[in-house]
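Undergrad: Okay, handing you the structure first.
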Ligand SMILES: C[S@@+](CC[C@H](N)C(=O)[O-])C[C@H]1O[C@@H](n2cnc3c(N)ncnc32)[C@H](O)[C@@H]1O
């Protein structure tokens, strides 16, 4: 088992490519950006917490926001620094700092006009009490009334998608797999690193208990994860159908049933 820090230190370029790799992964980015665009204030200072190699930092900076990028892993931040230079948005990126979302010590209360924690940093916090700390910290550093965006990995998609991958999938017969279905906790026994997979209601409860108003919960890929080759075929060969599929996805991505089945779910909250 590789711990989270070691996993993400390995290849920041892979993480950078993640949201642009194929139709399926672009869907996570596009759906997230739709909700950021809808709920962000017109301007202001945004915290990109667990921002990794900086894809959202750069996109937000391009849109005219001032951004602070924070991540656990130094290698990611070094990579982000280079990309920020390359994309010429350095004047908008006010700080790049190493830190842990469970303890944002050194950042004053009410600093940010918006806070984003996207692509699953919260899922990598394995203890429930620490996940509560993380939400309390993200809330603390936001201004009163600020939007807070949190996206996590889902439990059901992780279980169901593994079974559908090509070739034999012995994992699904292993004991830890049954445990994961019960607890949502995976400790990196086979591939990837440890993470907690959420159910929609669990995420809503966690955010609400920490005093946030949950405005929306969104299925970032909807049912797209169940036919990635199908999505890629649409994108590559059938642009009109691809556009229409995405339109239907955007129309249905708040359905609670889809949220629980999607690979990632996004909660849009307000402090
Ligand atoms: C899947 S990546 C997502 C990166 C980026 N937000 C995106 O969507 O492209 C998860 C990131 O969370 C970071 N991370 C994991 N645990 C963290 C923690 N406790 N505090 C801050 N960052 C963390 C990892 O280093 C990694 O960069």
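Bear in mind these aren't lab numbers, they're just calculated from the coordinates by the rules spelled out. This is a predicted model, so every value here is computed, not measured. So basically every Cβ, Gly included, is an ideal-geometry build from the backbone, and we count neighbours across all protein chains shown.
Undergrad: Where the centre of each part is set by its Cα atoms, how far does the range 190-221 sit from the range 29-44, in angstrom?
TA: Between the Cα centres of the range 190-221 and the range 29-44 lies a distance of 19 Å.
Undergrad: Percent relative contact order of the chain, based on C-alpha pairs within less than 8 angstrom and at least six residues apart? Provide the component values of the computation, followed by the final result.
TA: On the way: 510 pairs, mean separation 57.3, N = 271.
Answer for the chain is 21 percent.
Undergrad: Just round it to a whole percent: the fraction of Cα-Cα distances in the range 120-271 exceeding 27 Å.
TA: Working: 3424 of 11476 pairs.
In whole percent, the long-distance tail amounts to 30.
Undergrad: What do you get for Rg/Rh over the chain if you use C-alpha atoms and the Kirkwood form of Rh?
TA: A ratio of 0.95.
Undergrad: Sort out for me the Cα centre separation of the range 127-154 from the range 233-263, rounded to whole Å.
TA: Between the Cα centres of the range 127-154 and the range 233-263 lies a distance of 27 Å.
Undergrad: Bins of 10 Å, beginning at zero and ending with the bin holding the largest distance: percent of Cα pairs per bin for the range 55-143, please.
TA: 16, 48, 31, 5
Undergrad: Using only alpha carbon pairs under 8 Å that are at least six residues apart, calculate the relative contact order of the range 1-156 and give it in whole percent. Spell out each step's value before the answer.
TA: Values: 251 pairs, mean separation 34.5, N = 156.
The value is 22 percent.
Undergrad: A further question on this structure: To the nearest 0.05, what FRET efficiency results for residue 169 and residue 21 with a Förster distance of 25 Å applied to their C-beta separation?
TA: On the way: r = 21 Å, r/R0 = 0.86.
Calculated transfer efficiency: 0.70.
Undergrad: Nearest 5 is fine: what % of DSSP beta bridges in the chain come out antiparallel, could you say?
TA: 45
Undergrad: Now for a different question. Given an 8 Å cut-off on Cα distances and at least 6 residues of separation, report the relative contact order of the range 157-250 as a percent.
TA: Working: 48 pairs, mean separation 15.6, N = 94.
With pairs under 8 Å counted, the relative contact order is 17 percent.
Undergrad: So, in nm, how far is label residue 237 from label residue 37 when the simple model puts each one 7 Å beyond its Cα toward the Cβ?
TA: So the two model labels end up 2.9 nm from each other.
Undergrad: With 10 angstrom as the radius, rank 227, 157 by how many other C-beta atoms surround their C-beta, starting from the fewest.
TA: On the way: 227 13, 157 21.
Final ranking by Cβ density, sparse to dense: 227, 157.
Undergrad: Where does each of 196, 7, 21 land when they are ranked from fewest to most other beta-carbon atoms within 10 angstrom?
TA: On the way: 196 22, 7 18, 21 12.
Lowest count first: 21, 7, 196.
Undergrad: Quick one: if you stick a label point 7 Å off each Cα along the C-beta vector at residue 5 and residue 183, how many nm between them?
TA: Output for this residue pair reads 2.3 nm.
Undergrad: For the pair residue 126/residue 190, report the inter-label distance in nm, with labels modelled 7 Å from Cα in the Cβ direction.
TA: Those two pseudo-labels are separated by 1.8 nm.
Undergrad: Compute the separation of the alpha-carbon centres of the range 47-65 and the range 68-125 and state it in Å as a whole number.
TA: So the separation of the two Cα centres works out to 8 Å.
Undergrad: Further question: Convex hull volume of the Cα atoms in the range 1-153, per residue, in Å³? Before the final figure, lay out each step's value.
TA: Details: hull volume 16.5 nm³, N = 153.
Cα-based convex hull of the range 1-153, divided per residue, equals 108 Å³.
Undergrad: Could you order the peptides 236-243, 158-165 from most to least packed, using the average number of other C-beta atoms within 10 Å per residue?
TA: Numbers: 236-243: 11.2, 158-165: 14.8.
Per-residue mean Cβ counts within 10 Å order the peptides as 158-165, 236-243.
Undergrad: So, one more: Sum -39500 (n - 2.57) across every DSSP H segment of at least 4 residues in the chain, then divide by the residue count to get the 222 nm mean residue ellipticity, nearest 500. List each step's numbers first, then the result.
TA: Values: 12 runs with 123 residues, N = 271.
For the chain, the value works out to -13500 deg cm²/dmol.
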